[in-house]
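> I'd like to ask some things about the structure below.
The values are calculated or read from the model by the stated rules, or taken from the named source; none is laboratory data. Remember, it's a predicted structure, so these values are computed and weren't measured experimentally. Don't worry about glycine lacking a Cβ; one is built from the backbone with ideal geometry, like all the others, and counts go over all protein chains shown.
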Amino acid sequence: MSALHLFVLAIVQGITEFLPISSSGHLILVPILTGWPDQGLFMDVSVHVGTLAAVLLYFREDTKGLTLAGLGAIGIAPARRAVEGTLYGKLFWALIIATIPVVILGGVLTVTGIEEAMRTASVIAGTSIVFGLLLYVADRMGTTEKLLDRMAVKPALIIGLAQVLALIPGTSRAGITMTAARYLGFNRQEAARFSMLLSIPTILAAGVLGGLELAQNADAFVWRQAFFGALLSCLAALAAIHFLMRWLAHASMTIFVVYRVALGLALFGLIYTGAI
């Protein structure tokens, strides 16, 4: 992989992972639009690990609270006492509940090969538009009063079921979970916060499994590329998260909807003309 390819891949992943515009869709488009070879699973895992590091750093207080809640859940009394009276005990279980549906169905799609069959420009174009418009409707209709201390089993399960749709390329895991959270009445910043915290177990599981599977086959050069890819994606993701949280403090999701619709229409135009 060339230095330019590595740079583009890491920056695209870092910027798009937590914005509601679909990181997987953009990663699939990179080789389609540039003619570069597919980056492969090892590099995909590396740049995802970089974005995981970014969300852990940015939400470090939440990370600490959720870690203590998890330790308390397995019987470590000092950890449980440390988060008593906070939202983290409830939030920990909400994230677990919301993660279960995508883990189950994601495994099914991977085994059957359906997921690979959906990695096309036309699918990404369609989902970019459709789920972008759904985000617009939910953002306009949703109230802005609920905070994460109102997150319970039912809304967590609804958001988790919505996250399953992100297995379709171009849907956007961040986008569909924010759509569901806004529909349920959580304010924009809290919807984004829960969406990003929800990425932690999924990316962590994929990173561990992918890393264990591929580590034996990677040489020193590939590991160096993986390290720099993770670092670049981490820095880009930190910038993207900061931008998103600042933006949602005073503005709506419309800017992302416009981008999604424009991207979808542009892709349909390229497909129609035979350019891709």
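> Determine whether segment 133-148 contains at least one residue that is among the small types (Gly, Ala, Ser) and either within 25 Å of residue 233 (Cβ to Cβ) or touching a residue at least 60 places away in the same chain (Cβ under 8 Å) (or both).
no
> Got a number for residues in segment 249-271 being modelled with pLDDT under 95 and surrounded by 21 or more Cβ atoms within 10 Å (Cβ to Cβ)?
Number of matching residues: 3.
> Residue 26: under 17 Å from the mean Cα position of the chain (by Cα), assigned to a helix (DSSP H, G or I) and within 19 Å of residue 125 (Cα to Cα), yes or no?
yes
> Here's something else I'd like to know. So how many residues does segment 170-187 have that are surrounded by fewer than 24 Cβ atoms within 10 Å (Cβ to Cβ) and of a type outside the set (Ser, Thr, Tyr)?
Here the count works out to 3.
> Which residue, of 180, 138, 174, 156, is of a type in the set (Gly, Ala, Ser) and farther than 30 Å from residue 268 by Cα?
Unique residue meeting the criteria: 156.
> Out of 215, 220, 240, report the one residue that is at pLDDT 95 or above and of a type in the set (Gly, Ala, Ser).
Of 215, 220, 240, the one residue that is at pLDDT 95 or above and of a type in the set (Gly, Ala, Ser) is 240.
> Next question, about the same structure. Quick one: what pairs do we get from segment 175-186, first residue in contact (Cβ under 8 Å) with a residue 40 or more places away in the chain, second part of a loop (DSSP other than H, G, I, E, B) and of a type in the set (Gly, Ala, Ser), C-beta under 7 Å, 6+ apart or different chains?
So the pair list comes out as 175/22; 182/142; 183/142; 185/142.
> For residue 18, work out the one condition from (1) closer than 12 Å to residue 200 by Cβ; (2) assigned to a helix (DSSP H, G or I) it doesn't fulfil.
So the condition that residue 18 fails would be (2).
> Pairs please, first residue from segment 24-53 and closer than 18 Å to residue 166 by Cβ, second anywhere and among the β-branched types (Val, Ile, Thr) and modelled with pLDDT of 85 or more, Cβ atoms under 6 Å, 6+ apart in sequence or on different chains.
Pairs found: 25/124; 26/12; 26/16.
> Looking at 60, 80, 119 in this structure, which one is farther than 26 Å from residue 150 by Cα and of a type in the set (Lys, Arg)?
119
> Just to verify a result, which residue in segment 80-110, among those that are of a type in the set (Gly, Ala, Ser) and touching a residue at least 12 places away in the same chain (Cβ under 8 Å), is nearest to residue 162 (Cα to Cα)?
98
> Show the residue pairs meeting these rules: Cβ distance below 7 Å; 6+ apart or different chains; first residue within segment 218-242 and buried (at least 22 other Cβ atoms within 10 Å of the Cβ); second residue among the charged types (D, E, K, R).
Sorted first by the residue in segment 218-242, then by its partner, the pairs are 237/17.
> Moving to a separate point now. Does residue 246 meet the test of being of a type in the set (D, E, K, R) and either surrounded by fewer than 16 Cβ atoms within 10 Å (Cβ to Cβ) or at pLDDT below 90 (or both)?
yes
So that you can scan it fast, the table gives a plain yes or no per residue for (1) closer than 18 Å to residue 90 by Cβ; (2) out of contact with any Gly (no Cβ under 8 Å at 6 or more places or on another chain):
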position	(1), (2)
168	no, yes
172	no, no
175	no, no
183	no, no
186	yes, no
190	yes, yes
194	yes, yes
200	yes, yes
203	no, yes
